[in-house]
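**Q** One structure coming up, written as structure tokens, with questions to follow.
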Amino acid sequence: MDEALARAWITAVAEAVRAEADRLTDLDAAIGDGDHGVNLRRGFDAAVAALDSLEPATAGDVLGKTGTTLLSKVGGASGPLYGTVFRALGKTLRQGGSFADGLRAALDGVQHLGKAVVGDKTMIDALSPAVAAYAAAAGAGEAAAARAAADAAAEGVRATVPLRARKGRASYLGERSIGHPDPGATSTALILDILAEVTSGDVTARGSAR
């Protein structure tokens with residue numbers, strides 16, 4: 001990933017989150033605090049603004065700055081979690097690691113922070129299979145790996161629907177958390193879908209990208 005692709009990814013994510021903010025908030029209202037979309041929109045808009053003054057930069061700098069901005073601007077659990085994802089990606093790339101390495105570091109960081117595993121009905125249900133899918137497809141090229149990760153994340157979101165939440169605010173609802181997709185898994189899949197589209201050159205304006 002180079003600087004231009006990293007910037008395009010974050011810009012497109014901000015557009016997609018802006019378009020999907022109400023849906024993400026509605027999902028969160030069903031089993032959480034009801035602020036997920038609003039918080040992510042604020043954070044990614046702030047990240048785009050912060051990147052405007054980041055010159056010159058590498059892809060690692062872009063993603064690291066995104067993570068730092070999300071940590072400071074996004075409320076609730078999303079700030080630390082997504083901040084950790086992008087800071088880990090940025091640090092790995094700055095140290096010469098691959099994007100697959102960065103995704104693994106991001107997953108490790110999020111799991112260390114939230115103590116969640118697959119099946120707990122959290123963003124890990126989308127992120128963990130996505131990391132594995134990206135690594136498995138990396139030999140086929142960046143675009144193929146990103147699409148494999150996005151597809152695995154989407155399947156992970158679907159798998160959260162019948163689960164009873166075991167972590168986070170949703171866990172307080174017990175059986176009532178069953179039947180709803182996890183909001184964090186949903187936004188994780190959205191971010192990875194945008195990565196696949198940007199990497200393949202398919203992004204148009206989406207208020208979103210498709």
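**Q** At 25 °C and 0.890 mPa s, grab the translational diffusion coefficient of segment 129-188 from Stokes-Einstein with a Kirkwood Rh over Cα pairs, rounded to a whole number in µm² per second.
**A** This corresponds to a translational diffusion coefficient of 199 µm²/s.
**Q** Which value at 222 nm does the chain reach when only helices count, each DSSP H run of 4 or more adding -39,500 (n - 2.57), with the total divided by all residues and rounded to the nearest 500 deg cm²/dmol?
**A** Working: 8 runs with 144 residues, N = 210.
Here the helix-only value at 222 nm equals -23000 deg cm²/dmol.
**Q** Here's another thing I want to ask about it. Two decimals is fine: what's Rg over Rh for segment 25-107, C-alpha atoms, Kirkwood radius as Rh? Intermediate values should be presented prior to the final figure.
**A** Details: Rg = 13.5 Å, Rh = 13.0 Å.
Expressed as Rg/Rh, it is 1.04.
**Q** Given Cα pairs under 8 Å that are at least 6 residues apart, what percent is the relative contact order of segment 119-209? List each step's numbers first, then the result.
**A** On the way: 150 pairs, mean separation 32.0, N = 91.
Computed value for segment 119-209: 35 percent relative contact order.
**Q** Looking only at 31, 194, 178, which one moves most when the chain is put into a Gaussian network model with springs between Cα atoms under 10 Å?
**A** 178
**Q** Next up: Where the centre of each part is set by its Cα atoms, how far does segment 123-181 sit from segment 1-23, in angstrom?
**A** The two parts, judged by their Cα centres, are 19 Å apart.
**Q** Here's something else I'd like to know. If contacts are Cα pairs under 8 angstrom and at least 6 residues apart, what is the relative contact order of segment 1-108 in percent?
**A** Numbers: 160 pairs, mean separation 24.6, N = 108.
For segment 1-108, the relative contact order is 23 percent.
**Q** Which one is right for this structure if percent of Cα pairs over 26 Å apart is calculated from it: [x] 25; [y] 43; [z] 38?
**A** [x]
**Q** Also: So what is the relative contact order of segment 75-149, in percent, for Cα pairs below 8 Å that sit 6 or more residues apart?
**A** Averaging sequence separation for qualifying contacts and normalising by length gives 21 percent for segment 75-149.
**Q** Rounding to the nearest 20 debye, state how big the charge dipole of the chain is about its Cα centre with +1 on each Lys and Arg Cβ and -1 on each Asp and Glu Cβ. Write down the numbers at each step before the final one.
**A** Working: 22 positive and 25 negative charges, 110 e Å.
Dipole magnitude for the chain comes out near 540 debye.
**Q** Another question, then. Give me the percent of Cα-Cα pairs in segment 57-151 that sit more than 23 Å apart, rounded to a whole number. Provide the component values of the computation, followed by the final result.
**A** Working: 968 of 4465 pairs.
For segment 57-151, the fraction of Cα-Cα distances above 23 Å is 22 percent.
**Q** Roughly how many Å² is the accessible area per residue of segment 136-206, as a whole number, for a 1.4 Å probe? Before the final figure, lay out each step's value.
**A** Numbers: 3190 Å² over 71 residues.
Accessible area per residue, segment 136-206: 45 Å².
**Q** Starting from the Cα of residue 115, step 7 Å along the direction of its Cβ; do the same at residue 155; then give the gap between the two resulting points in nm.
**A** 3.0
**Q** Before I look further, what does segment 35-83 give for accessible area per residue, probe 1.4 Å, in whole square angstrom?
**A** Values: 1900 Å² over 49 residues.
For segment 35-83, the per-residue accessible area is 39 Å².
**Q** Let me ask something else. How large, in percent, is the carbon and sulfur part of the accessible surface of the chain at a probe radius of 1.4 Å?
**A** Numbers: 4630 of 8810 Å².
The computed percentage sits at 53.
**Q** Let me ask something additional. Quick check for the chain: number of Lys pairs with alpha-carbon distance under 15 Å, counting only pairs 8 or more apart or on different chains? Mind showing how you got there, number by number?
**A** On the way: 65/73; 65/91; 115/167; 121/167.
Counting lysine pairs in the chain gives 4.
**Q** Explain nothing, just compute: Karplus ³J(HN,Hα) = 6.51 cos²θ - 1.76 cosθ + 1.60, θ = phi - 60°, for every residue of segment 43-57 in order, whole Hz, x for Gly and Pro.
**A** x, 6, 5, 5, 5, 4, 4, 5, 6, 4, 9, 9, 9, x, 8
The values are calculated or read from the model by the stated rules, or taken from the named source; none is laboratory data. Keep in mind it's a predicted model, so treat the numbers as computed, not measured. Cβ coordinates were reconstructed from backbone atoms using ideal geometry, including for glycine residues, and neighbour counts include every protein chain displayed. Heavy atoms of the whole protein, side chains included, go into the accessibility calculation; ligands, DNA and RNA do not. Shrake-Rupley method; radii C 1.70, N 1.55, O 1.52, S 1.80 Å.
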